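Contents: one structure, followed by commentary.
The values are calculated or read from the model by the stated rules, or taken from the named source; none is laboratory data. Because the structure is a prediction, the values reported are computed rather than measured. Because the Cβ atoms are built from the backbone with ideal geometry, glycine has one as well, and the counts that use them run over all protein chains shown.
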Amino acid sequence: MQTTKSRPTIARVYARLDSFHKTKGAFLVAGVLSLILSVTLWFTGSREEALFVGLWVPAIHSLGSLVLTGERREADR
C-alpha cells in the first residue's frame, strides 16, 4: 500500500508562520509589487511615474527593516 504525502497548500504554510514572518512577507511582497509596477510603467512609456514608483522599493524595505527590528527586540524581552 502506497502512502502519498499531500503537498502543503499556501493556506497551511501561512497558518504555520508566526507574526514576525507574516510581517516580513508582507513587506517583501509590497516591495516586489512596487518593483513590478515600476518596470511596467517604464516599458509602457510612463517614465516619470516609473521613477517615482521605483523609489518606493527601498523605502518599503527600509520601513520593513525598522518595523521588524522593533518587533524582534520586543520579542527578546
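Observations on the structure shown:
- Pair list, Cβ < 7 Å and 6+ apart or interchain, from region 50-72 residues that are part of a helix (DSSP H, G or I) to residues that are of a type in the set (Phe, Trp, Tyr) and surrounded by 12 or more Cβ atoms within 10 Å (Cβ to Cβ): ALA50/TRP42; ILE60/PHE27; HIS61/PHE27; GLY64/PHE27; LEU68/PHE20; GLU71/PHE20; ARG72/PHE20
Residue-wise test of (1) exposed (fewer than 11 other Cβ atoms within 10 Å of the Cβ); (2) of a type outside the set (Gly, Ala, Ser); (3) modelled with pLDDT of 95 or more.
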position	(1), (2), (3)
GLN2	yes, yes, no
LEU28	no, yes, no
SER34	no, no, yes
GLU48	yes, yes, yes
PRO58	no, yes, no
LEU66	yes, yes, no
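- ARG73, sole failed condition from (1) at pLDDT 95 or above; (2) more than 16 Å from the chain's Cα centre (by Cα): (1)
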